[in-house]
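Below: the structure, in structure tokens.
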Amino acid sequence: MYLSQTTEVPFINEYATKNTLGVDRMALASAAVLKYPNKNVLVIDAGSCITYDFISDKRIFKGGSISPGIAMRYRALNQFTDKLPSLNRIDAFSLTGNSTEEAIHSGVLNGLIIEINGIIEEYKLQFEKLTVVLTGGDTIFLAKRLKNSIFANPNFLLVGLNNILIQNSKND
């Protein structure tokens with residue numbers, strides 16, 4: 001079985017361009033409705049990109065947003081400027097960088113943390129009862145730095161893929 005935009009999923013897809021919705025985002029939405037039925041869920045996948053996907057308490061995939069992941073942010077600063085160095089993520093960083101390298105770490109990492117917290121807060125303003133799931137390769141790094149109450153599950157994508165497989169094998 002191949003997962004595609006025509007695969008049966010356990011949610012209603014209201015994405016305007018259904019054929020461009022990534023299968024990873026489809027699997028995450030499936031995991032959200034399986035693990036948190038009848039709840040508004042914001043799934044944040046922190047990998048190459050940061051995707052934010054909202055699934056309503058009525059099992060409706062509404063859409064979300066996509067922004068650059070941590071590694072992509074570092075790479076962009078190096079590739080799109082003449083003099084900024086190529087750096088990798090570090091675990092300890094401050095708000096105020098006292099050197100170019102420290103300033104890059106501060107900008108990339110604090111900027112992303114503030115972005116994620118801000119997006120969660122915006123969704124909470126619209127949806128009083130919101131379940132937030134953080135997943136993806138940078139889950140553990142980000143989970144301990146976010147001020148919001150979240151469920152951190154690095155394997156949430158696999159939960160969704162398994163859910164879709166089980167659902168579609170019953171239909172065969």
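The figures follow:
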| quantity | calculated |
| --- | --- |
| Backbone HN-Hα couplings from phi across region 53-66 [Karplus 6.51/-1.76/1.60, Hz, Gly and Pro as x] | 10, 10, 10, 6, 5, 9, 6, 10, 7, 8, x, x, 8, 9 |
| Listed peptides 80-87, 111-118, 11-18 by packing density, highest first (mean Cβ within 10 Å) | 111-118, 11-18, 80-87 |
| For region 1-115: relative contact order, % (alpha-carbon pairs under 8 angstrom, 6 or more apart) | 17 |
| Distance cut-off 28 Å, percentage of C-alpha pairs in region 12-170 lying past it | 26 |
| Acute angle (nearest 10 degrees) that the helix 111-126 long axis makes with the longest principal axis of the chain, alpha-carbon atoms | 40 |
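Read the figures in this text as sums done on the coordinates, not as results from a lab. Being a predicted model, the structure only gives us computed values, none of them experimental. Neighbour counts are summed over all protein chains in view; Cβ atoms, including those assigned to glycine, are modelled from backbone coordinates with ideal geometry.
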